[in-house]
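To start, the structure under review is shown below, and the notes come after it.
The values are calculated or read from the model by the stated rules, or taken from the named source; none is laboratory data. These numbers come from a predicted model, not from an experiment. Neighbour counts run over all protein chains shown; Cβ positions are idealised from the backbone, glycine included. Heads up: the accessible areas ignore ligands, DNA and RNA and are worked out on the full protein's heavy atoms, side chains in. Shrake-Rupley method; radii C 1.70, N 1.55, O 1.52, S 1.80 Å.
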Amino acid sequence: MSAHEAPHVRIEVPTVPAAGAGQQAPTGDALHGLMRVVSKRRRWIIGAVALCELMALGVTLMMRPTYQATATIELNKQGSGMDLGLGDALSSTFGGGAESLLTDLQTETAILEGDSLALAVIQQLKLATAPPFASKPGAIGPEKAEAGLPLEQAPITRTRLLTIFRGHLRVVPERGTRLIQVSFQSHDQNQAAQVANELVEAYKSNYRQTHYDATTETSGWLTTQLTDLKTNVEEAEKKLTDFEKANGILSFNMATPSSTFGKEPTGGGGGFNGAEIHSPIIQKLDEVNQELTQAEANRIGKEAIYRLTQTGNADVVLGLQGDSLAMQSQSMVLTQGGGLSNLQVLRSQQGQLKVQLAQAATSYGVNNRHLKDIDVQIKSLDEQISQELQLITKRAFADYQLAKQTEDEIRRQFEQQQAAASKLNDVAIQFAVLSDEAMSHKLLYEDLYTKLQEANISAGIKATNITVVSPARTESEPIRPKPAMYLGLGMLIGIFLGLAAAYTVDSLDRTVSTPEEIEEITGKPVIGIIPDLMRSGKSYGSYIRRTLSKTEEQDSSGTLQVWMLAHPDSVAAEAFRSLRTSIMLSRAGGGAKTILITSCVPGEGKTTLTSNLAAAFAQHNKKVIIVEADMRRPRMMHVMEVSSVVGLSNVLTATATCEEAIVHGVQLPTLDILPAGQQPPNPSELLGSAAFAELLAKLRDQYDLVLLDSPPALLVADPVSIASLADAVVWVSRAGVVTRPYLSRVAGLIARSEMPVIGFVLNGVHGDESGYGYGYGSYYAERDKGDKKNAHGA
């Protein structure tokens, strides 16, 4: 991490872990996750966008301008040329409307896209020698052998030219209209317009020629048919004349077949198909037919009256007096024997007696003699009414019999007259058939003759149903390339690919680089964030892990390896001070005098954090000692420039005293260090011994703060042993190095061993990735650059 480009860091006040610490906390909503990935992997997104934009720009610069010219034609419903009067008939037979229009447009579109018109345009404009149709120089193979041959005899060349032509041609019918757009694309705007217009002209010429050939063929067929039809007309007229002479028919009036053909013969006129015969027999037949109709109606009416009288109901019979049917038929029921007046009088008297009977029964009782007299009178009237009804029925029956006999007589006369007329009707039918046949042949001949003349005229006109609405014109602006669209599309594709790459990399990346991830997995707070010191090029981690050149060894001094002392005003120094504040404000760290600093695996910055944190506390007027408990791979002596070979291992094995092993005033007057000493064969046993516990108790009494630099907790058991003696534990995790499985194991280890972990420190954070910082890192970066420039000048 470079002091010259110090990233932003965040000051965090430690928080108390929520209940259920050690369990995973919610990760936030989807938007937060999206922004985290975008912020963390924005280099992938920016790189993808930049790459796609460069590619779009390259395509735009390398692509030749392509122009498109469009001609619009209209397909009319009917042409003015070859129309033999069959258009309406075909339209009514096969239908029309939207489906017919769609079929017509698809048909004409297929013709415009066909090979015949394309070849005609290629030959007319000599496109075979013009770009992009011209073959490349030095062509070899079969196409070279076809050089100089017509296209009809050069299949390979023809196929290549047609493929190129179809690739640049666009024929699109406009939906809901009879318009078709014919477009051609070319790098030459003049060629595009010429090809589009020439294709339309070739289409019109082909349409006219096709319809001319069809009209000529139809005319020839009509001429042959007319010759045969003329012979049929002459034969039909001769048959009609011979029939008239043979049957002596002189007074027939013939109508034209166009108005009478197909009609049935009329009985009254005695004619057939418009041919009428003026004959007394037919006239007499009509008169008898009328009389028969009247007699039949009269018989039906009188039979109905007779049926009513048979009911024996006086009221029904009396109803005939006002019936229109009975009055029109002049029935004897109404005209003879007084009609219905006697029956009416008797019914009236009967009604009066019944009224008197009802009144007397009410006044005198049912056994009165007067009632019996009235009852006798009523019975007498009932008998008289019955007799009167019988007389009326007899009159009605007699009247019915008379009408029936009259009808039968007239019917016999009609049948005799009909037999006489039928003979004449047979002659009329034969005459009508012959006359209609002759007239039909004659009219058909005249109609086809007219159509033949029209077809000859149509063939000469060569009309077409194609109208050019808008010819193709030379365009000034190309349709391709479109820089704005290509660059915009490149940006969209770049964003999509960048997001996809970012999410893919993020999903495959098992490392942890944000505080939220650590808190989510471990359930412990992150109490400090340390920027990546590797960017300075002078990181002690880098200095320790690699062999420096002699020049670097000579130039390096102890002050350069403790960042708090080498760059006290840098963002990294502020980060260590923030960590010091977080430890002091935490409940466990506020009163803690022994703090263990450990990590998951090597290389996460335990020694770096311990040395700088010790310097921070020492600058805060604290008497601090660093105990280098990592006796397997001690690094503190290199960081703090300590040359003593006596250390912790010697004290625990009683080969040296504590006062002899402690190095006083390292870098700062209040900062001491107890080095690891010589590497023992059993460091775990020494750290778990009572001597080590006694040593820590002694140091607690002598110093304000004891910092223990221990080995990685996931590799050895030393940190677990030491944690039981420490007041607090600070866990260091390096961003991009520690993984989720490591942190999951750490969470389990902390829960099992009940380590007093007050929080995690996220080390090696890139401020431009995670977005954590004070906001004034640029100030320190600019100042560090100035300092470096002055140093070089000196």
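Taken over the stretch 703-724, the criterion of being touching a residue at least 40 places away in the same chain (Cβ under 8 Å) and out of contact with any strand residue (DSSP E or B) (no Cβ under 9 Å at 6 or more places or on another chain) is satisfied by 715, 716. Given (1) free of Cβ contacts under 8 Å to residues at least 60 places away in the same chain; (2) of a type in the set (D, E, K, R); (3) open to solvent by 30 Å² or more (accessible area, probe 1.4 Å), identify the lone condition not met by residue 700. The failed condition is (1). Determine whether the stretch 580-591 contains at least one residue that is assigned to a loop (DSSP other than H, G, I, E, B) and either touching a strand residue (DSSP E or B) at 6+ places or on another chain (Cβ under 9 Å) or at pLDDT below 90 (or both). Checking the stretch 580-591: at least one residue is assigned to a loop (DSSP other than H, G, I, E, B) and either touching a strand residue (DSSP E or B) at 6+ places or on another chain (Cβ under 9 Å) or at pLDDT below 90 (or both).
Looking at (1) open to solvent by 10 Å² or more (accessible area, probe 1.4 Å); (2) at pLDDT 90 or above; (3) farther than 18 Å from residue 671 by Cα, which is the only condition residue 605 fails? Exception for residue 605: condition (2). Just so you know, in the stretch 94-114 the residues that are open to solvent by 70 Å² or more (accessible area, probe 1.4 Å) and modelled with pLDDT of 85 or more include one that is farthest from the chain's Cα centre (by Cα), and it is 113.
Among the residues of the stretch 167-180, those that are at pLDDT 90 or above and open to solvent by 60 Å² or more (accessible area, probe 1.4 Å) comprise 170, 172. Restricting the stretch 742-753 to residues that are touching a residue at least 60 places away in the same chain (Cβ under 8 Å) and hydrophobic (A, V, I, L, M, F, W, C), the residue that is surrounded by the most Cβ atoms within 10 Å (Cβ to Cβ) is 746. Contact map, the stretch 147-169: first residue under 17 Å from residue 125 (Cβ atoms), second residue of a type in the set (Phe, Trp, Tyr), Cβ cut-off under 9 Å, separation 6 or more or different chains; pairs are 160/133; 161/133; 164/133; 165/133; 165/184; 168/184; 169/184.
Scan the stretch 650-670 for residues that are β-branched (Val, Ile, Thr), more than 14 Å from residue 614 (Cβ to Cβ) and either open to solvent by less than 40 Å² (accessible area, probe 1.4 Å) or in contact with a Leu (Cβ under 6 Å, 6 or more places away or on another chain) (or both) and jot them down.
In the first step, residues of the stretch 650-670 are kept if they are β-branched (Val, Ile, Thr); the result is 651, 653, 655, 657, 662-663, 666, 670.
Among the residues that remain, those that are also more than 14 Å from residue 614 (Cβ to Cβ) are: 651, 653, 655, 657.
Hit for the stretch 650-670 is 651, nothing else.
Output yes when any residue across the stretch 264-273 is open to solvent by less than 20 Å² (accessible area, probe 1.4 Å), over 43 Å from the mean Cα position of the chain (by Cα), at pLDDT below 85 and more than 27 Å from residue 286 (Cα to Cα), and no when none is. No, every residue in the stretch 264-273 fails to be open to solvent by less than 20 Å² (accessible area, probe 1.4 Å), over 43 Å from the mean Cα position of the chain (by Cα), at pLDDT below 85 and more than 27 Å from residue 286 (Cα to Cα).
For the stretch 693-706, state whether one or more residues are of a type in the set (Val, Ile, Thr) and touching a Leu at 6+ places or on another chain (Cβ under 6 Å).
To start, the set of residues in the stretch 693-706 that are of a type in the set (Val, Ile, Thr) comprises 706.
Those still in the list that are touching a Leu at 6+ places or on another chain (Cβ under 6 Å) too: 706.
Yes - at least one qualifying residue is present in the stretch 693-706.
Of all residues in the stretch 462-495, which are out of contact with any Asp or Glu (no Cβ under 9 Å at 6 or more places or on another chain), in a helix (DSSP H, G or I) and touching a residue at least 12 places away in the same chain (Cβ under 8 Å)? Hits for the stretch 462-495 are 483, 486, 489, 493, 495. Residues in the stretch 515-537 that are within 29 Å of residue 566 (Cα to Cα), at pLDDT 85 or above and either open to solvent by 30 Å² or more (accessible area, probe 1.4 Å) or out of contact with any Gly (no Cβ under 8 Å at 6 or more places or on another chain) (or both): 515, 529. You will find that of 395, 369, 411, the residue that is at pLDDT 80 or above and not hydrophobic (A, V, I, L, M, F, W, C) is 411 and no other. Look at the stretch 726-741: where a residue is open to solvent by less than 10 Å² (accessible area, probe 1.4 Å) and a partner is part of a helix (DSSP H, G or I), sitting 6+ places away or on another chain with Cβ atoms under 6 Å, you get 728/588; 728/589; 729/723; 732/606; 732/609. Scanning the stretch 696-715 for residues that are more than 59 Å from the chain's Cα centre (by Cα), of a type in the set (A, V, I, L, M, F, W, C) and more than 12 Å from residue 629 (Cα to Cα) yields 697, 699, 705.
Just the residues that are touching a helix residue (DSSP H, G or I) at 6+ places or on another chain (Cβ under 7 Å) and not aromatic (Phe, Trp, Tyr), please, taken from the stretch 680-697. If you could, list the steps in order and put the result at the bottom.
Within the stretch 680-697, the subset touching a helix residue (DSSP H, G or I) at 6+ places or on another chain (Cβ under 7 Å) is 680, 683-684, 686-689, 691-692, 695.
Listed by number, the residues that qualify are 680, 683, 684, 686, 687, 688, 689, 691, 695.
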